[in-house]
Each structure stands twice: as structure tokens, then as C-alpha cells.
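Student: Below is one structure. I have some questions about it.
The values are calculated or read from the model by the stated rules, or taken from the named source; none is laboratory data. Here the structure is a predicted model, which is why all the values come from computation and not from measurement. Glycine also receives a Cβ, built like all others from the backbone with ideal geometry; neighbour counts cover every protein chain displayed. Note: areas computed on protein heavy atoms with side chains; ligands, DNA, RNA excluded. Shrake-Rupley method; radii C 1.70, N 1.55, O 1.52, S 1.80 Å.
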Amino acid sequence: MIVENSFIDTEMKKQMKSNLWQIVQDSLTEQENDKIKERYRNNKTRQEIADIIGNNVSSVKSMEDKAMRKLRMPRIKRILEDRFDIAMSKAYKGSIVSENILYSSTERAAFKDMHIRI
């Protein structure tokens, strides 16, 4: 029974992760989506992303910031609330800073199930 529950939990997490990345993909342009995936799914630094695409770090940062603003829009917030039962009413009040990047608690909640370290 414990093994079965563990398997079910693992499968549910995989499905949630897949659903979350689908929301990201549907909400961003192809360029923004690529940068967010490289940054958060593949754990690459901005410098590594800039080297891959042949751009500078400030351009990558600007695109990442724009993409994250889009993901904070009310429409996306409602989708996350509905699909993931995330209580977002207080989500933007708290935030953390990691590697000089400001992450809202919404981003942390959304990326937590994807096992992304921010």
C-alpha cells in the first residue's frame, strides 16, 4: 500500500509539472518560453543562456523579467488557482531574493512542485 501511494504521488507530481509547463508555454512567446525553460527547467544561468543564443546577459534578463511579469497577470493567476488549488490572495505580498532576482511567493509556489531551486 505504501509503494502504491508513493507511485500515485509521483505520477500526480509529474502530471502537475506537465500541466504547469503547459500553462507557461501557452502564456508566453516561443522566445520567452525557451528562456524560461532553460532557466528553470534546465537550471542554466543567464550567462549560459546568453552564450547559447548568442545574446548578452542583459537581454536575457530583460526577456526573463518580461516573461515572469506575464506569468503574474490576473488571467494566469486564475488558471493557477483553478488548476492547482493555490491560494494566491496573499501570494504577492511576500517575496524572496535569490541571485539578485526577486521571486514572488506565487512563483515559488508554482515552481515548488517542479523541484526547481530558486
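Student: Any idea how far apart residue 78 and residue 14 come out in nm if each label point goes 7 Å out from Cα toward Cβ?
Tutor: 3.3 nm
Student: Under a 1.4 Å probe, what is the accessible area of segment 1-68 per residue, stated in Å²? Display every interim value, and only then the final one.
Tutor: Numbers: 4350 Å² over 68 residues.
On a per-residue basis, segment 1-68 sits at 64 Å².
Student: So if I place +1 on the C-beta of Lys and Arg and -1 on the C-beta of Asp and Glu, and nothing else carries charge, what would the dipole magnitude of segment 1-57 be about its Cα centre? I want it in debye, nearest 20.
Tutor: Roughly 160 debye, rounded to the nearest 20.
Student: Here is a follow-up. Output ³J(HN,Hα) for segment 21-27: one whole-Hz value per residue in order, computed from phi by the Karplus curve 6.51 cos²θ - 1.76 cosθ + 1.60 with θ = phi - 60°, and x for Gly and Pro.
Tutor: Running phi through 6.51 cos²θ - 1.76 cosθ + 1.60 with θ = phi - 60° gives 5, 5, 4, 4, 4, 6, 9 Hz.
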